[in-house]
Amino acid sequence: MSLQHHFNHYSATYNSVLPISGFHEAIGDCIALAVSTPAHLRGLGLIEDEENKIPFPLIKGLPQLPEDVTHQEMNYLLRMALDKIPFLPFAVAMDKWRWKVFDGSINPTEYNGEWWRLVEELQGLLSPTEPQPDDFDPGAKYHIPANVEYIRYFVSFILQFQFYDEMCSASHHTGHLFRCDFNGNLDAGTKLRIMMQKGMSQPWNEALQDMIGNGTMSAASLLKYFAPLHKYLEEINEANDERCIGWECDYEDIAREYMAGTYESEMNDKCSSAGKADWNYNTDINSDNEQLSIEASLEFSAYEKHTWDNFITEFDYENFKNETLKRQFKLKSVLGVAALDKIKLEAAFQLVTEHLKLIKALLHRTNSALLNKVQSNLKNIYSTGKICPYNEKECDLITSGIPLEGEPGETSIEDILESSQNYDELAYVWEAWRDATGKKMFDYFVSYVSLSNDAAQANGLENYGDLWMMPYDMADEFKNQIEKILNQTMPLYEKIHAYARKKLLEKYTGKFAAKDLIPASLFGNMWAQSWEVLYPIVAPYPELPGLDVTDNMVAFEFSRMCITSLTFIGPRDIQLNVVSLRVVSPSVTLTVIPDFSNNWTVEKMFEVSENFYVNLTLEEMPTTYNTSLSMIVKPPNKEVTCHASAWEFCKEEDYRIKMCTGVNMQDLITVHHEMGHIQYFQQYRHAPQPYAFREGANPGFHEAVGDLMALSVQTPGHLKKIGLLEEDFTEDERSDLNFLMLTALSKIVFLPFAYVMDRWRWDIFAGQVEQEQWNKHWWDLRATYQGIMPPVLRTNQDLDAGAKYHTAANVEYSRYFVAHILQFQLHKSLCEIAGQFDENDPNKPLYRCDIDGNAEAGEKIRLLLAAGSSIPWPNLLESIIGERELNASAILLYFKPLSDWLDEQLTDDDIGWDPSRVDDWFLPKELGSDDTVAIIVGSVIAALVLLTLVGYFVGRSRAEKKAKRENEMREAQDYAENNDAYLSDGNNASL
């Protein structure tokens, strides 16, 4: 039989005088509509009366049900709709496809493609795999190979509701149609019997006319049946701002409208609230502010997750035509920590410290809440860390504790590291800070790693290190690029290391050997990330005037008087315009008032920095040093996070800096750096960029901007310009080498430290290091890449990486590595634009360039900042400097004269170190307790002096320490029981 004959046969069936086969199917389905009603089922005893059951709770966010429809009935209607409605387009597709096959309008090679075209057009469905021309997917349905026409079922699904409607009318039913049960009604039964008795004796339309009074098939009864559900679904869609019903919508237009409207407005609001709560906590650390900060952060995270779940991830953005919109969605497609879902108590139990049994407080918390709390505790430990003085090691930390950064006139740990010449004191301070911070963080850090990886996996990534790499676009490739640049700069680092080691050996004779790693406590910096304090002993020409202009910033003149000696009583970093001094002479002691009329203040440092940006035709930044908004000095009687940072609050013209500023050159450079962040905030906000693009092109770009400015600001030429260096200061080869050495002590030595900071955490997140080896791995890396060692024995119960703010504060550190390379690439390009650098002109070296006041360079900077993250960073970098990749050529060119000079000072034997002795610095596991050092020292003394006496004092000390720890544990537990949802470290009751 030909295909055309089949087509003619099918057509004839539905144009003949015979009732169609859909009548047969419709009769049973019509009866089923009555039988399946809740009323009929209750009559059979198959379901309970709804009024005798607890009302089914509404899903949060759904509109209220109509007053005359119950939860049970709405659920029933939805179940019926899922059975009846989706079937209709499928039934049409089944036979519409065969009609095309039979009439020859498609050839066999098009069969499968046409099938899926119809399914997509009529049902809104796509094949889960790519359809192939050789496949025959329609054949997967029985009725195709069995040659059963399918339109009968479509007809029956329409007719059953027409029959049902008529029979309900005959039974005198009132109210919603879906409630009708005509069981036992003779009038309804008579109508049905008469129609069935006619068989095929009438044309189907006449039979239908006799049955319902209308000879036309219609969906009116079906729509009448589902009317309450239809109306309710419309209300739900309206409540959810659903503007696309069906699959023919312009999704891209909807996405664009949402991002520019609701998303932009609400994200700015939530971001602002969270930012201000976090600011309040960081500028006044207390439990109330901590709780408010956590709650605001969780609210922001919850909204981020809501938009991510219900909007961002609902679009196939990769097929958007608009590249800007596509990039917005790409940047927001990875949510981060906010992607975590709620967890049960039992799951949380395994992720937090067990020793205080405080997990009961987490019953109603979320994974993201727990991670926020753990991160807050890590940060709190760091920000409030204090140590006892070297000469008073058992002090009261509240009254005598020394903070990392102090208030004006207050001794700080940083001051001791920078000024002390006592090897043992430096080692003590180094260790005490790690005991006060990193060691107390260990248990929290275990939870932090686990929860952070959960967050990464919720974003479809393997671990949190991968999440950190997302803004750099290239992940593993980017890590390789960083390692390549590190290897290119390591030869210069190794030379600086060798020269510094020679000079330190002269200063600390016998403390370490010529080829040893250098003790990490000797660099004047808690983390050995910058070595500027070593400048006086490593300066190539120490007899020349110094380049640290701090003394000039606080210089003063006395009135005419004869003074034989002077004792200065006061802070190292003077911040007041009037300071009292005591002058001691053989005959008299006087108090004098120095003249500070030309002196620098913290406010002046910010004003000078702002002027530098304005001179480049960039924007003013007055709010950054408005003390009613910003915190630019450490306030008295408050615990604050002194670590310098710049803040913007998303929706207002409100930009702030948080910094415990001192009047010194280092902080002057830091001020320029932080104001670089503020300039970035303002430029991309005023561009204007949408919320999704108000970030740096990658995190390193944000950090590079201020450092780029500092490369000009710190030049002797610029310091002369702003009055901090004498006009007669001579710039020659010798002063150049001194300047380059000072700069290298911050720029070059920083690179391996920055790499180690994230390399260690990448390895931890990736599970490549056992928890018991975390601290050893930290020192493996520091030995390998930095050539340094701990000044005292360590244990694997320590967490020395936690002594650095960025570990405690969950800040990835690669941004700083990138910034230290990128700033030199940008500097080289801008200096060429400004005409201040020519590689072929020895009178215009890169390291002397000062772009201050050059409008053309300023315009390049403005374009860089205003773009935000709207352009992939390689494209943006190429548009500004003509290069698409980070490379070390500019930084190596900058320091070439210093590298050449070091070659003359060193031999091959001077350079390098053996990193393989890390095990020698670690106590055996069984001795790695808090009392280990006391035990060892006690044992040595016992062999030399009176064993009984020493044993007595050691025993008493242990007992006192044990009692103290037990008391602290009780206080921590009491505190936890009285403070809901607090996680506390057992060794730190103050939390």
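The values are calculated or read from the model by the stated rules, or taken from the named source; none is laboratory data. Computed from a predicted model, the values in this text were never measured in an experiment. Methodologically, a virtual Cβ is constructed for each residue, glycine included, from the backbone with ideal geometry; neighbour enumeration extends over all protein chains shown. Heads up: the accessible areas ignore ligands, DNA and RNA and are worked out on the full protein's heavy atoms, side chains in. Shrake-Rupley method; radii C 1.70, N 1.55, O 1.52, S 1.80 Å.
Considering each residue of the stretch 661-668 in turn, none proves to be in contact with a strand residue (DSSP E or B) (Cβ under 6 Å, 6 or more places away or on another chain), more than 16 Å from Glu703 (Cα to Cα), modelled with pLDDT of 90 or more and surrounded by 22 or more Cβ atoms within 10 Å (Cβ to Cβ). When Gly835, Gly858, Gly868, Gly882 are checked against the criterion of being on the phi > 0 side of the Ramachandran plot and either surrounded by 16 or more Cβ atoms within 10 Å (Cβ to Cβ) or touching a residue at least 60 places away in the same chain (Cβ under 8 Å) (or both), a single residue qualifies: Gly868. Annotation note: of Thr70, Thr129, the sole residue that is of a type in the set (Ser, Thr, Tyr), open to solvent by 80 Å² or more (accessible area, probe 1.4 Å) and modelled with pLDDT under 95 is Thr129.
Just so you know, in the stretch 175-198 the residues that are farther than 14 Å from Ala34 by Cα and polar (S, T, N, Q) include one that is surrounded by the fewest Cβ atoms within 10 Å (Cβ to Cβ), and it is Gln197. Only one of the numbered conditions (1) over 30 Å from Cys244 (Cα atoms); (2) of a type outside the set (Gly, Ala, Ser); (3) modelled with pLDDT under 95; (4) open to solvent by 70 Å² or more (accessible area, probe 1.4 Å) is violated by Trp99, and that is (3). A Cβ distance below 8 Å, combined with a sequence gap of six or more or placement on separate chains, defines the contacts here; from the stretch 199-223, residues that are free of Cβ contacts under 8 Å to residues at least 24 places away in the same chain and open to solvent by less than 30 Å² (accessible area, probe 1.4 Å) reach residues that are part of a helix (DSSP H, G or I) and not hydrophobic (A, V, I, L, M, F, W, C) in the pairs Gly215/Asn205; Gly215/Glu206; Gly215/Gln209. Picking from residues in the stretch 475-512 that are among the β-branched types (Val, Ile, Thr) and assigned to a helix (DSSP H, G or I), the one that is modelled with the lowest pLDDT is Ile482.
This table checks each residue for (1) in a loop (DSSP other than H, G, I, E, B); (2) farther than 28 Å from Pro915 by Cβ; (3) at pLDDT 90 or above; (4) open to solvent by less than 40 Å² (accessible area, probe 1.4 Å).
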{"site": "Ala514", "(1), (2), (3), (4)": "yes, no, no, no"}
{"site": "Asn525", "(1), (2), (3), (4)": "yes, no, yes, yes"}
{"site": "Asp551", "(1), (2), (3), (4)": "no, yes, no, no"}
{"site": "Ala555", "(1), (2), (3), (4)": "yes, yes, no, no"}
{"site": "Ser559", "(1), (2), (3), (4)": "yes, yes, no, no"}
{"site": "Ile563", "(1), (2), (3), (4)": "yes, yes, no, no"}
{"site": "Asp573", "(1), (2), (3), (4)": "yes, yes, no, yes"}
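Taken over the stretch 97-108, the criterion of being within 18 Å of Pro145 (Cα to Cα) and of a type in the set (Val, Ile, Thr) is satisfied by Val101 alone. Output the qualifying pairs, or none if there are none: Cβ atoms under 7 angstrom, residues six or more apart or on different chains, first residue in the stretch 73-87 and touching a residue at least 60 places away in the same chain (Cβ under 8 Å), second residue open to solvent by 20 Å² or more (accessible area, probe 1.4 Å) and assigned to a helix (DSSP H, G or I). Correct list of pairs: Lys84/Phe157; Phe87/Phe157.
Could you go through the stretch 46-59 and let me know if any residue there is modelled with pLDDT of 90 or more and in contact with a Lys or Arg (Cβ under 9 Å, 6 or more places away or on another chain). Looking for residues that are modelled with pLDDT of 90 or more and in contact with a Lys or Arg (Cβ under 9 Å, 6 or more places away or on another chain), one finds none in the stretch 46-59, hence no.
Sub-6 Å Cβ pairs linking a first residue in the stretch 643-667 that is among the charged types (D, E, K, R) to a second residue that is modelled with pLDDT of 90 or more and assigned to a strand (DSSP E or B), at least 6 apart or interchain, are Glu648/Tyr655; Arg656/Trp647; Lys658/Met631; Lys658/Ser645, ordered by first then second residue. Tallying residues that are closer than 11 Å to Glu252 by Cα and aliphatic (A, V, I, L, M) within the stretch 315-335 yields 1.
Identify all residues within the stretch 413-438 that are outside any helix (DSSP H, G or I) and more than 30 Å from the chain's Cα centre (by Cα); write none if there are none.
Within the stretch 413-438, Ser420, Gln421, Asn422 meet the criteria.
Every condition in (1) open to solvent by less than 10 Å² (accessible area, probe 1.4 Å); (2) within 34 Å of the chain's Cα centre (by Cα) is met by Leu740 except one, and the failing one is (2). Return the residue satisfying two criteria in turn: it lies in the stretch 774-822 and is within 30 Å of Ala697 (Cβ to Cβ) and more than 23 Å from the chain's Cα centre (by Cα), and of such residues it is most open to solvent (accessible area, probe 1.4 Å). So, considering only residues that are within 30 Å of Ala697 (Cβ to Cβ) and more than 23 Å from the chain's Cα centre (by Cα), the one most open to solvent (accessible area, probe 1.4 Å) is Tyr785.
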